[in-house]
Amino acid sequence: MSQPSQQSADRAERIDRIAALNDSLRRSICSPGRNQIVMTAGVAALVGDVSLFRGFRRRAEILRTVRNYDSFNSDNDPLGEHDFGRFEYESAVLYWKIDYYDLELAWGSPDPANPDVTTRVLTILLAEEY
């Protein structure tokens, strides 16, 4: 049986790995690989038509805000996984949330610290859609 201090160290290492993987997804938000980035219908309505410059610019600004987010603290990130954020955009409150699924997106991931068995899905949504 592991000693309690070893278990704490293992847990901290696991959380650090999950946070690093989540941060990596956000840093590569425009090319997430197997992972996915989605916006809710409410955010799509806020953004507007992305074939027009205004809508494209708005989407880019929102993605940039999520990519650069670094306001993690014990209140908004109690587990330390860097899997949730809140920000304001054009008087709207938006959240982003990372969830962990298996590779087929059918079930939860068996191990979010292992990218070989996990697909991360980052959802950007309006606060009222949460």
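With charges set only on the Cβ (+1 for Lys and Arg, -1 for Asp and Glu), what does the dipole of the chain come to about its Cα centre, in debye to the nearest 20?
Using Cβ point charges on Lys, Arg, Asp and Glu, the chain gives about 520 debye.
So how do Phe56, Phe87, Phe72 rank on accessible area, 1.4 Å probe, biggest first, that is with the largest at the start?
Greatest to least solvent exposure: Phe56, Phe72, Phe87.
I'd like to know how the range 5-55 sits against the 2.2 N^0.38 Å rule of thumb: what's its Cα Rg over that expected value?
Compared with the compact-globule rule of thumb, the range 5-55 sits at 1.77.
What angle, in degrees between 0 and 90 and rounded to the nearest 10, separates the Cα long axis of helix 4-27 from the longest principal axis of the Cα atoms of the chain?
Long axis of 4-27 versus the principal axis of the chain: about 20 degrees.
Relative to the first principal axis of the alpha-carbon coordinates of the chain, what is the inclination of helix 53-68, with its axis defined by its Cα atoms, in degrees from 0 to 90 and to the nearest 10?
The helix 53-68 is inclined about 20 degrees to the chain.
At 20 °C and a viscosity of 1.002 mPa s, what translational diffusion coefficient does Stokes-Einstein give for the chain, taking Rh as the Kirkwood radius over Cα pairs? Give it in µm²/s as a whole number.
Answer from the Stokes-Einstein relation: 135 µm²/s.
From the residues Leu21, Ala41, Leu103, which one has its Cα farthest along the dipole of the chain in the positive direction, the dipole being from +1 and -1 charges on Cβ of Lys/Arg and Asp/Glu about the Cα centre?
After comparing all options, I get Ala41.
Over all distinct alpha-carbon pairs, what is the Kirkwood Rh of the range 52-125 in angstrom?
13.9 Å
Quick one: order Glu88, Glu128 from most to least accessible surface, probe 1.4 Å.
Putting Glu88, Glu128 in descending order of accessible area: Glu128, Glu88.
The values are calculated or read from the model by the stated rules, or taken from the named source; none is laboratory data. Worth saying up front: this structure is predicted, and the values here are computed from it rather than measured. All Cβ positions, even for glycine, are placed from backbone atoms using ideal geometry, and neighbour counts span all protein chains on display. Side chains are part of the model used for accessible areas, which takes the heavy atoms of the whole protein and leaves out ligands, DNA and RNA. Shrake-Rupley method; radii C 1.70, N 1.55, O 1.52, S 1.80 Å.
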